[in-house]
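Reading through the structure tokens given below for one structure.
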Amino acid sequence: MNYQETLNYLYAQLPMFTRVGSSAYKANLDNTIALCQLLDNPQTKFKSVHIGGTNGKGSTSHMLAAILQIAGYKTGLYTSPHLKDFRERIRINGQMISEQEVIDFVANYSKDFEEINPSFFEMTVALAFDLFVKEKVDIAVVEVGLGGRLDSTNIITPLLSVITNIGWDHMNILGDTLQLIAAEKAGIIKPKIPVIIGEYQAEVADIFIHKAKQQNADLVFASEEWDVESETKNKVSPTNYSEDNFLDIITYPQKASRTTHYLQLDLPGTYQLKNIKTVLCTVNELRAQGFTITDEHIQTALRQVKSLTGLHGRWETISTSTLTICDTGHNPEGIQEVLKNIANITYDQLHFVIGMVNDKDSSKVLSMLPKNAMYYFCKPDIPRGLEAESLKAKAESFGLIGKAYPSVKSALAAAQSSAQMNDLVFVGGSTFVVAEVI
């Protein structure tokens, strides 16, 4: 099989969460363990940092990988889902796994897949870990897929575990309270492995503290270690918005021994201020474990995270002629941060291109959205996509008015066509909508 045939085979043979939802989720690690045994247990043969949480784990993973690359370490990066190309999930020093490596892995182990019956995600984890060993990475940054305790990535024993925050997402799988979700995320905390929690959240902090004590693991809340703020800027308008937009950051250490950083980040969403604290805490722990990472490495890397790692979809400008911005934030906490960024732009009219998946409760998100925007409802091109007319009907019950379109691209075209010079077009609601427009 060639590369496209190989992907088609995987999509057809292996249940894929991003396409079919919870039916693809395996509530145990048996298949991953079986696959890795087949590969001579690669998960035991490379150093790693394990990153989980509800929001920000992708940005945090990519920022950390960029810093490690600039510091001279051969760095593996495993993330999910992909936006355009399956190979985005597995990178070494920012370069995607080759098509041939994907082809060879599937050709070598397709008969074993039929026996083990792994999910798409379980297969991908095994492929990533196998490649990291073959390429002799110095360290890998491994992002949790869903939850933590039963996530396929949770067979590693990392140098450090990181949990960014807890929010409302995947409640049908992880639980319908923040405490239940936190307990699942806390499952990546391992015996005597230091753990960093990005945000101190009173509702769930005790869950992490208790779990860390159980595991005799040192715990730090990054939000209690660093004060971070954005340098004051005047609001921008669609007519003077720069595509090369940096987030200028000043960090104030809460402990006198820490160095103050003046940073520029090429991921301009202000929600990155939270993630920066987590990244800086992680770097300090890696330094304590013997990694040589200078302040200059941090500054250099954060100015070019996108080019170093291939990260997309985080407050990304896709057009300046008609200012169009997309963002993958899709749960209530993610949308709240998106709305803060929208509020920093002085536009005349907001045109909101929105699509969602059909297995999540959209009520909380829809209740948050501005009623004075013009909405362009669409369905992402995956089996889980929510029909545009269904989304439109649900949105109308929250006072959101707009039209339904047959595709994401037609919705975007209509929004950009309707927008005037000083209007803003925003695209989001689902990672899969963003994937179709970048």
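The values are calculated or read from the model by the stated rules, or taken from the named source; none is laboratory data. Bear in mind that the values here come from a model prediction, so they are computed numbers and not experimental data. Positions of Cβ are generated from backbone atoms using ideal geometry, with glycine treated the same way; all protein chains shown enter the neighbour counts. For accessibility, only protein heavy atoms count, side chains too; no ligands or nucleic acids. Shrake-Rupley method; radii C 1.70, N 1.55, O 1.52, S 1.80 Å.
Descriptive notes on the structure:
- In region 26-44, the residues that are modelled with pLDDT of 65 or more and surrounded by 15 or more Cβ atoms within 10 Å (Cβ to Cβ): L29, N31, T32, I33, A34, L35, C36, L38, L39, P42, Q43
- Of the residues making up region 364-389, those that are more than 30 Å from P238 (Cα to Cα) and open to solvent by less than 60 Å² (accessible area, probe 1.4 Å) number 4.
Every residue, every condition in (1) open to solvent by 80 Å² or more (accessible area, probe 1.4 Å); (2) in contact with a Pro (Cβ under 7 Å, 6 or more places away or on another chain); (3) closer than 18 Å to Q289 by Cα, yes or no:
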{"position": "A186", "(1), (2), (3)": "no, no, no"}
{"position": "I189", "(1), (2), (3)": "no, no, yes"}
{"position": "A212", "(1), (2), (3)": "no, no, no"}
{"position": "A217", "(1), (2), (3)": "no, yes, yes"}
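- Residue in region 169-176 that is open to solvent by 20 Å² or more (accessible area, probe 1.4 Å), modelled with pLDDT under 90, farther than 15 Å from Q215 by Cβ and within 15 Å of the chain's Cα centre (by Cα) present: yes
- Filtered residues of region 390-409 (kept if surrounded by 15 or more Cβ atoms within 10 Å (Cβ to Cβ) and assigned to a helix (DSSP H, G or I)): S390, L391, K392, K394, A395, V408
- Scanning region 7-22 for any residue that is at pLDDT 95 or above, within 30 Å of N108 (Cα to Cα) and not in a helix (DSSP H, G or I) turns up nothing.
- Selection of region 353-363 for residues being of a type outside the set (A, V, I, L, M, F, W, C) and either farther than 19 Å from L83 by Cβ or modelled with pLDDT under 95 (or both) yields N358, D359, K360, D361, S362, S363.
- V142 satisfies every condition listed in (1) open to solvent by 10 Å² or more (accessible area, probe 1.4 Å); (2) under 30 Å from I181 (Cβ atoms); (3) not in a helix (DSSP H, G or I) except (1).
- Residue match in region 242-255 (condition: at pLDDT 90 or above, buried (at least 21 other Cβ atoms within 10 Å of the Cβ) and under 15 Å from S59 (Cα atoms)): no
- Selection from region 364-384 of residues that are modelled with pLDDT of 95 or more and more than 22 Å from T324 (Cα to Cα): S367
- Lone qualifier among F432, F426 - being in contact with a Leu (Cβ under 7 Å, 6 or more places away or on another chain) and either closer than 19 Å to N331 by Cβ or among the aliphatic types (A, V, I, L, M) (or both): F426
- Taking the conditions (1) open to solvent by 10 Å² or more (accessible area, probe 1.4 Å); (2) touching an Asp or Glu at 6+ places or on another chain (Cβ under 7 Å) in turn, F121 satisfies each one other than (2).
- Search result, residues across region 124-139 that are assigned to a helix (DSSP H, G or I), among the aliphatic types (A, V, I, L, M) and open to solvent by 10 Å² or more (accessible area, probe 1.4 Å): L131, V133
- Residue satisfying condition, being open to solvent by 30 Å² or more (accessible area, probe 1.4 Å), aromatic (F, W, Y) and in contact with a Leu (Cβ under 8 Å, 6 or more places away or on another chain), within set Y109, Y73, Y11: Y109
- Applying the set (1) surrounded by fewer than 24 Cβ atoms within 10 Å (Cβ to Cβ); (2) touching a residue at least 24 places away in the same chain (Cβ under 8 Å); (3) touching a Ser or Thr at 6+ places or on another chain (Cβ under 8 Å); (4) assigned to a helix (DSSP H, G or I) to T60 leaves exactly one unmet item: (1).
- Restricting attention to region 270-329 and to residues that are of a type in the set (G, A, S) and open to solvent by 50 Å² or more (accessible area, probe 1.4 Å), the residue that is modelled with the lowest pLDDT turns out to be S321.
- Single residue of region 201-238 satisfying the filter (part of a loop (DSSP other than H, G, I, E, B) and without any contact (Cβ under 8 Å) to a residue 12 or more places away in the chain) that is nearest to R149 (Cα to Cα): A202
- Considering only residues in region 86-104 that are crowded, with 19+ Cβ neighbours inside 10 Å and out of contact with any strand residue (DSSP E or B) (no Cβ under 8 Å at 6 or more places or on another chain), the one that is farthest from A27 (Cα to Cα) turns out to be V102.
- Residue under evaluation V133, criteria (1) in contact with a Ser or Thr (Cβ under 7 Å, 6 or more places away or on another chain); (2) among the aliphatic types (A, V, I, L, M); (3) modelled with pLDDT of 95 or more, criterion not met: (1)
- Hey, E122 in contact (Cβ under 8 Å) with a residue 40 or more places away in the chain, touching a His at 6+ places or on another chain (Cβ under 6 Å) and closer than 30 Å to I166 by Cα or not: no
- Looking across region 175-191, the residues that are outside any helix (DSSP H, G or I) and either farther than 20 Å from D151 by Cα or touching a strand residue (DSSP E or B) at 6+ places or on another chain (Cβ under 7 Å) (or both) come down to I189, K190.
- Residue match in region 150-170 (condition: part of a loop (DSSP other than H, G, I, E, B), among the aromatic types (F, W, Y) and in contact (Cβ under 8 Å) with a residue 24 or more places away in the chain): yes
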